[in-house]
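Comments concern the structure below.
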Amino acid sequence: MWSKRVLAGAVTLAVAALGSPALAQSPRPVEPCKESIGVALVDIPKARQADPRARTYVIDHVEPGARFERRLRVCNGTTAPVTVQVYAGAASIDGAAFRAVEGRQTNELSSWITVAPTQVTVPAKGEKIVPVSFSVPVDATGGERYAALLVEAPAVRQPSGSSVANRVGVRVYLSVGGPKEPLSEFVVDSLQASRGADGRPAVTARVRNTGERALDMAGELALADGPGGLSAGPFAATVGTTLAVGATAPVEVVLDQAIRGGPWLATITMRSGLLERAAKASIIFPDSAGTSAAPVEAAELPLAKDPGVVIPFAIGLLGLLFLLLLVVGYLSTRRKAREKAAG
Amino acid sequence: MRRTLALGAVALSVLGLAATAVPAQAATGTTTVALSVIDGTLAIVTTPAAAGVSSAIVGTGRTFTAPLGVTTVTDTRAASGGWALSASTTAFTLTGGAATIPAANATFSLTAAPTNTVGNNTYSGTATTTPSSGALTTATSSGINTATMEPVLHVAVPNETAVGTYTGTVTQSVV
């Protein structure tokens, strides 16, 4: 009952925030676009504000017929006004990377997106807010689709005679389906130790997307139980790997030059947005540069924490327990007092 | 005294339960409620190549190579997951004529792996020559970063090409 009331309060607050004339005011930039044309997403869904991916890209799950708005902040760091074209273009996940399809090609998702105005003049050292509306057809079939919200600067003629135009974009990962969002899930299949040409040890994790939505991988690797009982890390995994649904791709972690051969117990924690999984394997780094050990099958590790749900729940339970103890303590004190009074 | 403590415990447990309830609601993924954030940007700029670069080739059946200047990508997004740069070109059209050299005759490369001016990016896919429409490099970094790189355009000029000046437009995309 209580939680419901608090929840209702939160929803009211969120709706009020939407209703406020936020569209009229342009947010101040944290970092100016230094001598270039830049773009950032202004709005993120309230429900996804903890998800780092949703802060950078348009990531959502909607039902057919849904309509929603997002805004782009287009900034011009040059000393002259620039007129840019803003439009939605086709995008795909290709070679484990998210790519805007070249040219002005459209796809189903980009055809659902309307940018108005499409031509925007951004003042020198200034910025403009560009509204973007999404309108999903009522008869849209389920599944995740990709597009990019692109800002195209005019072509600049090079001394060689060719012109170069630049585009910078915000990725869109839009899932359409029923009220329940499709599952995001992945598995770390194996870990492979190697030594690069420069002798630096590296670990390549093979990650398989077993869910129904694309993933942008990040994470870290820690080494333990090494030679002389040494531990090392954590070392950050390289980002930039986008896993399409059903795809498997390597994610590399480059370690410190000082790491010896092993064996080591390697624990890798991989995440995409708020989804996190861990796996372990015993690995040995090869001695010579430019060689790789055989991949070792990784065993999935249960996660120690799921900060989104477990901690508040645990706090709740602890609170209830504390309350119970207080009640029991109070009752026993009262009984003792009564016994004393009776005795 | 004891009553105050008990009240504190009640408040605590209610907060805990409420916080649990919110993510459960979030799972339905409503998009109607949006929150405004102020974040950094992903930005790109190209400065022209040094003047005096020869763009003329003599004869046909050769490959025309043109530096495309210095491209700088700056990523100041707080939660960046890296970026991917790709390039494409239009067909090259003869000035004052109808002849064209198709876009498929073009390839791109980078003179070297991108140089980090801010941050510690690593890059993949920089060593290969990419086809007329394809990936140049993928930056793998989290955290604010700025990188500079020098893309180069290569155009294979067919044997039967009419003599003259051909122009086309190269588009670089970063997402």
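The values are calculated or read from the model by the stated rules, or taken from the named source; none is laboratory data. Given the structure is predicted, the values throughout are model-derived calculations rather than measurements. Here the Cβ is made from the backbone with ideal geometry for all residues, glycine too, and neighbour counts use every protein chain on show.
Residue selection: A:T238 fails the criterion of being among the β-branched types (V, I, T), more than 11 Å from every other protein chain (Cβ to nearest Cβ) and over 30 Å from B:A91 (Cα atoms).
Within the option set B:A11, B:A104, B:A51, B:A56, being over 30 Å from B:N120 (Cα atoms), surrounded by fewer than 14 Cβ atoms within 10 Å (Cβ to Cβ) and modelled with pLDDT of 85 or more holds for one residue only, B:A104. Take A:R145 and tell me if it is free of Cβ contacts under 8 Å to residues at least 12 places away in the same chain and not in a loop (DSSP other than H, G, I, E, B). Judged against the criteria, A:R145 is not a match.
The set of residues in segment A:246-267 being under 15 Å from A:P227 (Cα atoms) and of a type in the set (A, V, I, L, M) consists of A:A258, A:I259, A:L265, A:A266. Residues of segment A:137-183 being of a type in the set (S, T, N, Q) and surrounded by 19 or more Cβ atoms within 10 Å (Cβ to Cβ), which ones? Matches in segment A:137-183: A:Q158, A:S160, A:S162, A:N166, A:S175.
Taking the numbered list (1) within 23 Å of the chain's Cα centre (by Cα); (2) surrounded by fewer than 21 Cβ atoms within 10 Å (Cβ to Cβ); (3) of a type in the set (K, R) in turn, A:R99 passes all entries but (2).
Among residues of segment B:130-151 being facing chain A (nearest Cβ under 10 Å) and at pLDDT 85 or above, the one that is surrounded by the fewest Cβ atoms within 10 Å (Cβ to Cβ) is B:T146.
If I filter segment B:61-75 for residues that are among the basic types (K, R) and within 8 Å of another protein chain (Cβ to nearest Cβ), do I get at least one hit? No - not one qualifying residue is present in segment B:61-75. Scanning segment A:73-83 for residues that are facing chain B (nearest Cβ under 8 Å) and more than 22 Å from the chain's Cα centre (by Cα), we see that the one that is nearest to A:D43 (Cα to Cα) is A:C75. The numbered conditions (1) at the interface with chain B (Cβ under 9 Å from one of its Cβ atoms); (2) at positive phi are all true for A:E102 except (2).
Once segment A:54-72 is narrowed to residues that are more than 24 Å from A:T141 (Cβ to Cβ) and at the interface with another protein chain (Cβ under 7 Å from one of its Cβ atoms), the residue that is modelled with the lowest pLDDT is A:R55. Would you pick out the residues in segment A:287-303 that are closer than 14 Å to A:T269 by Cβ and assigned to a strand (DSSP E or B)? Correct list: A:A299, A:E300, A:L301. Would it be correct to say that A:V138 is among the aliphatic types (A, V, I, L, M) and over 22 Å from A:I44 (Cβ atoms)? Yes: the conditions hold for A:V138.
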